[in-house]
Amino acid sequence: MTYITKPQLHHPQLKPNALGYTRRDYEGAVSTLCAGCGHDSISSAIIQACYELDLPPHRVAKLSGIGCSSKTPDYFLGNSHGFNTVHGRMPSVLTGANLANRDLIYLGVSGDGDSASIGLGQFAHSIRRGVNMLYIVENNGVYGLTKGQFSATSDKGSKSKKGVINHDAGIDLVSLALQMGATFVARSFSGDKNQLVPLIKAALSHKGAAFIDCISPCVQFNNHAGSTKSYDYVREHNEAVNRMDLVPARTPITIDYAPGETVPVAQHDGSILHLHKLAEHYDPSDRVGALAYLQARQALGEIVTGLLFLDPEARDLHENLGTVDVPLNSLGERELSPGAAALARINASLR
Amino acid sequence: MPLEALNDFVVKFANVNGSGSASANSMFAKAILRMGVPVAARNIFPSNIQGLPTWFEVRVTEAGHLGRRGGVDLMVAMNPQTWDRDVAEIEPGGYLFYDSTKPLPPSKFRDDVTVVGVPLTAMCNAAYQIPRERQLFKNIIYVGALAALLDIEMGVIEQLLGEQFAGKDRLIAANVAALHMGRDYVAQNLSPLRLRVRRADRVGDRIFVEGNAAAALGAVYGGATVCAWYPITPSTSLAEAFTSYCEDLRTDPETGKARYAIVQAEDEIASIGVVVGAGWNGARAFTATSGPGVSLMTEFIGLSYFAEIPAVIFDVQRGGPSTGMPTRTQQADLLAAAYAGHGDTKHPLLLPADPGECFEMGAQAFDLADRLQTTVFVMLDLDIGMNEWLTQPFEWDDARALDRGKVMTYDDLEAGRDFGRYLEVDGDGIPYRTYPGTHPTKGGYFTRGTSRNPYARYSEEGAVYVGNMERLLRKFDTARRLVPGPIARNATRATRDGVIYFGSSTPAVHEALGSLEHAGLHLDALRVRGFPFADEIFDFIAAHDRVFVIEQNRDAQLRTLLINEGEIDPSRLTAVLHYDGTPITARFITDAVTRLMSERRPMPEAAE
């Protein structure tokens with residue numbers, strides 16, 4: 001990926017967060033994506049969310065695969081370690097990184113080609129293992145780097161820039177994530193920052209496998225009439241089931257008990273989600289109901305967005321494996337080597 | 001004349017897979033071992049659950065030859081399907097033990113073989129009602145009968161049964177009764193054979209263990225905390241042994257929590273992906289696989305090479321190509337492992353020759369991977385990995401520290417040390433790295449498989465790329481000094497002939513060298529233990545007119561690697577190749593080297 005550093009100049013009146021970092025401290029290099037690319041909006045939302053959550057930037061590990069979306073971790077959190085892995089295989093690398101050090105915050109960034117085609121298996125398995133991460137798919141329904149081929153999330157019947165009709169069924173990653181056991185599932189739109197930033201904040205605060213499918217129009221190859229991933233199409237067919245705010249644990253928590261339409265949800269880390277219902281009867285704690293709702297609306301050509309499912313009591317992979325509380329990469333000889341005496345006992349058992 | 005031997009013969013059991021014979025046959029071998037007589041045991045089994053032929057060979061060897069000799073002195077023929085070939089394999093003067101319940105025509109026997117019949121099926125049918133019991137106890141009955149025929153101490157077998165079924169007194173009693181049934185039949189109806197086992201003191205403090213278990217234990221002692229694997233024969237038992245050892249040895253005594261994480265991944269690609277992610281983040285991580293798994297992992301191995309991330313792969317080799325012979329042994333992944341990846345890649349290989357070295361190299365691999373920041377392969381094979389070998393006891397120095405390699409800490413960064421992830425600093429080609437999360441503003445970098453400059457910034461500049469690739473070569477040269485060096489074994493007489501070999505061929509080669517010496521053919525020998533090759537290996541080749549390279553694959557992969565890496569004249573290296581899937585025998589090596597040497601010049605005897 002190309003690399004253009006940003007000038008270091010800061011506006012002197014940039015407001016610092018609780019850690020003393022300004023929003024600029026959460027930025028990365030200058031993007032080399034096309035002007036207007038939805039992915040840049042998502043990067044911006046990530047920056048905003050991390051800034052508002054007062055996350056230490058260097059404690060975030062950002063991992064990606066290959067593709068336009070996977071280039072984006074270079075464009076935010078410049079002081080974080082990043083890992084641009086191989087095509088479709090980010091989930092396994094993130095899983096290993098997470099096993100090595102449970103204390104970092106893991107952000108996996110992927111694309112629809114990366115996650116729904118070559119990496120479909122790794123996507124599904126990382127979700128079902130409950131890896132503590134935020135997995136974002138920047139979903140534009142097209143291969144941008146190789147100039148406009150359909151991806152596996154392209155809707156059946158949608159049209160390419162060259163006018164070709166897609167005859168294959170599209171893979172709905174949100175439904176898949178629900179089926180695979182993700183404990184935080186959301187969909188959003190890169191053009192709706194008001195919805196996306198709180199979702200990212202909540203997902204980063206969630207302990208377990210959090211997944212956000214973010215429709216992100218490709219201005220170069222998939223922003224035309226006939227596309228179901230264009231700015232216009234998504235704006236016209238977006239059906240938000242809820243809006244939310246997140247009050248971080250370190251902020252004094254006051255809960256607004258507005259009757260009927262606002263639901264407070266306590267997170268593992270003490271933060272509170274304020275979930276404002278928009279769709280009547282939609283229950284984000286009902287996995288089966290969420291699937292049914294998604295499919296019913298999808299049949300009507302609607303794109304359901306918002307927090308679609310949440311299990312606030314989720315367990316993560318480390319809990320399932322029963323690992324020690326300290327990072328495995330911090331263990332020393334004393335904790336790792338059973339010693340010569342234990343070996344002597346093993347030798348004796350083998351005679 | 002029937003063969004006569006004391007503590008020096010080969011017994012082979014021909015069974016049907018799934019008949020429950022494995023534990024009985026293994027107990028037979030261990031009983032002899034407990035009598036202080038070394039044994040070399042080999043399980044030759046099909047890729048199948050039940051019904052197909054399986055063999056278990058036990059070499060009783062007071063002289064301590066731990067490879068296969070070749071030939072069979074006593075065949076325990078329990079599989080009608082393979083009867084003819086099993087009988088044909090018996091040495092002249094040898095013995096045939098069989099179930100004599102049903103009469104067989106004389107054509108099914110050999111005149112030069114002593115036949116020992118025991119009506120096993122009839123005995124079982126009379127003693128047991130349940131079909132499965134009839135099958136399982138038949139195995140114990142023949143062990144009892146063989147013990148009486150060969151003079152194996154009954155008390156030793158009873159003790160083994162007691163250990164095997166500890167806490168299950170009813171099973172112990174039933175098995176001892178079956179054992180005695182076989183013993184008593186022989187006492188009343190047959191005479192002992194001229195093959196005998198007599199208590200000796202030739203085992204010492206050696207242990208009897210599978211290479212996979214030894215390697216897994218090495219991983220525990222080497223500080224591995226993350227294991228990701230996908231089941232594949234013959235490597236599966238390595239991951240399973242690691243799990244078992246970790247449960248025993250790596251559980252925090254205060255909290256009961258695990259100081260390790262083991263993931264059975266969805267495939268080999270994910271396995272190595274997890275390893276690469278953990279290695280990137282500062283944990284010691286490994287996977288265990290076999291040739292087909294290495295193929296799938298190749299893209300990640302290339303990433304590990306170029307992005308310089310530590311990883312350890314235990315490759316337990318089996319018969320290829322493709323699915324080949326998945327439950328048979330070969331040394332046929334050497335080239336695939338050494339050069340795994342696209343573009344120009346090279347990876348260090350460790351080549352253990354027995355379970356003792358599997359333990360040592362299993363631990364050492366993690367130091368090397370961290371030191372070199374690359375994938376390190378430990379190349380076992382099915383023969384070492386899945387067979388129990390007599391080997392030196394495992395040793396560990398409690399003062400030994402884990403070598404984490406060049407890792408820059410928070411304090412290093414605070415002190416102002418210049419950090420360039422791919423910067424040559426010490427002249428050894430190995431750069432410094434930082435673990436993610438080390439410092440708020442320093443030491444962060446982007447890891448990628450694309451070309452970059454010494455400060456990890458993406459770069460397509462030709463000179464930058466070449467500089468990086470040259471540094472990787474320097475690093476590989478550093479590895480040459482870090483991997484285990486070769487071990488020489490000189491002939492008793494000055495010679496211009498030599499042999500090079502490695503891994504599981506070792507005991508058979510050593511025995512063959514003794515036989516060849518006895519026949520007047522003297523060869524210096526060099527056992528290769530690591531790749532990249534040490535200078536001594538090329539010096540050895542240069543010092544000899546002809547060098548035989550003994551290995552267990554069709555295409556002479558070690559020879560190819562030597563020629564390629566040392567720019568050796570191919571005519572100087574003569575391949576001796578064994579690749580039928582069974583472990584190489586001393587007899588095969590002796591015959592092959594003798595023939596090849598006679599082709600070059602008259603045999604010494606003929607010249608006199």
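The values are calculated or read from the model by the stated rules, or taken from the named source; none is laboratory data. Quantities reported herein were computed from a predicted structural model and do not represent experimental measurements. FYI the Cβ positions are ideal-geometry reconstructions off the backbone, even for glycines, and counts take in every protein chain you see. Protein only, heavy atoms only, side chains kept; ligands, DNA and RNA dropped before computing areas. Shrake-Rupley method; radii C 1.70, N 1.55, O 1.52, S 1.80 Å.
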Exercise. What percentage of the solvent-accessible surface of chain B, computed with a 1.4 Å probe over protein heavy atoms, is contributed by carbon and sulfur atoms?
Worked result: 50 percent
For this session: Pop the C-beta distance of A:HIS281 and B:THR450 into the FRET formula with R0 = 51 Å and round what comes out to the nearest 0.05.
Result: 0.55
Problem set entry | Cβ-derived FRET efficiency at R0 35 Å, A:THR32 paired with A:LEU300, nearest 0.05 | 0.40
Problem set entry | Average accessible surface area per residue within region A:226-351, 1.4 Å rolling probe, Å² | 50 Å²
For this session: Tally the DSSP beta bridges in region B:1-126 and give the antiparallel ones as a percent, rounded to 5.
Result: 50 percent
For this session: Enter the accessible area of B:TYR455 (Å², nearest 10), with the probe set to 1.4 Å and all protein chains included.
Result: 100 Å²
Exercise. Given 0.36 nm per residue, what is the gain on full extension from B:ALA122 to B:LEU596 after removing their alpha carbon distance, in nm?
Worked result: 165.5 nm
Problem set entry | Exposure ranking of A:LYS156, A:LYS161, A:LYS277, B:LYS138 by accessible area [1.4 Å probe, largest first] | A:LYS156, A:LYS161, A:LYS277, B:LYS138
Exercise. Quick one: which of B:LYS12/B:LYS138; A:LYS6/A:LYS207; A:LYS62/B:LYS257; A:LYS147/B:LYS346; A:LYS6/A:LYS147 span more than 25 angstrom between C-alpha atoms?
Worked result: A:LYS6/A:LYS207; A:LYS62/B:LYS257; A:LYS147/B:LYS346; A:LYS6/A:LYS147
Problem set entry | DSSP-defined beta bridges in the protein assembly as shown - what % are antiparallel, rounded to 5 | 35 percent
Problem set entry | Nearby lysines by direct alpha-carbon distance to A:LYS193 (threshold 17 angstrom, same-chain neighbours under 8 apart not counted) | A:LYS201, A:LYS229
Problem set entry | B:ASP248-B:ALA177 FRET efficiency (beta carbon distance; Förster radius 35 Å; 0.05 resolution) | 0.55
For this session: Could I get the Rg over Rh figure for chain A? Both from C-alpha atoms, Rh via Kirkwood, rounded to two places.
Result: 1.01
Exercise. Taking each residue of A:111-123 in turn, how many C-beta atoms of other protein chains fall within 10 Å of its C-beta, and what is the average?
Worked result: 1
For this session: For n ≥ 4 DSSP H runs only, could you compute -39500 (n - 2.57) per run for chain A, divide by its residues and tell me the 222 nm figure to the nearest 500?
Result: -8000 deg cm²/dmol
Problem set entry | Whole-angstrom gap from region A:29-43 to region B:410-455, using each part's C-alpha centre | 27 Å
For this session: Just read off the accessible area of A:CYS37 with the full protein assembly in place, 1.4 Å probe, to the nearest 10 Å².
Result: 20 Å²
Exercise. Taking only DSSP H segments of four or more residues, each worth -39500 (n - 2.57), what value at 222 nm results for chain B once the sum is divided by all its residues, to the nearest 500 deg cm²/dmol?
Worked result: -12000 deg cm²/dmol
Exercise. Hey, if we sort A:ASP40, A:ASP213 by accessible area with the 1.4 Å probe, largest down, what's the order?
Worked result: A:ASP40, A:ASP213
Problem set entry | Alpha carbon centroid spacing (whole Å) that separates region B:298-361 from region B:188-235 | 23 Å
For this session: Could you work out how far apart the two model spin labels at B:HIS518 and B:ARG132 are, taking each label as a point 7 Å from the Cα in the direction of the beta carbon, and quote it in nm?
Result: 4.7 nm
Problem set entry | Cα-based helix-to-principal-axis angle, A:90-100 vs chain A, degrees rounded to 10 | 30 degrees
Seminar exercise, completed: Quick shape summary for region B:103-171, equivalent ellipsoid via Cα gyration tensor, semi-axes whole Å in descending order, reads 28, 18, 7
For this session: Just need the relative contact order of chain B here, percent rounded to a whole number, with Cα pairs under 8 Å and 6+ apart.
Result: 12 percent
Problem set entry | Probe 1.4 Å - accessible area at B:ASP539, Å² to nearest ten | 100 Å²
Exercise. On a 0 to 90 degree scale, rounded to 10, what angle separates helix A:339-349 from the longest Cα axis of chain A?
Worked result: 80 degrees
Exercise. When only C-alpha pairs under 8 Å and at least 6 residues apart count, what is the relative contact order of chain A, in percent?
Worked result: 15 percent
For this session: Name the residues of region A:293-328, by number, that are at least 40 Å² less accessible with every protein chain in place than in the isolated chain; the surface is that of heavy atoms, probe 1.4 Å, without ligands or nucleic acids.
Result: A:LEU321, A:VAL324, A:LEU328
Exercise. Non-local amide H neighbours of A:GLY108 (under 5 Å, H modeled in plane, Pro and chain starts lacking H): which ones?
Worked result: A:LEU63, A:LEU134, A:TYR135, A:ILE136
Exercise. What angle do you read, to the nearest 10 degrees and between 0 and 90, between the alpha-carbon axis of helix B:211-221 and the longest principal axis of chain B?
Worked result: 40 degrees
Problem set entry | Spin-label model distance (nm) - B:ALA415 vs A:ASP232, 7 Å beyond Cα toward Cβ | 6.3 nm
For this session: Order B:ARG132, B:ARG471, B:ARG371, most accessible first, counting only protein heavy atoms with a 1.4 angstrom probe.
Result: B:ARG132, B:ARG371, B:ARG471
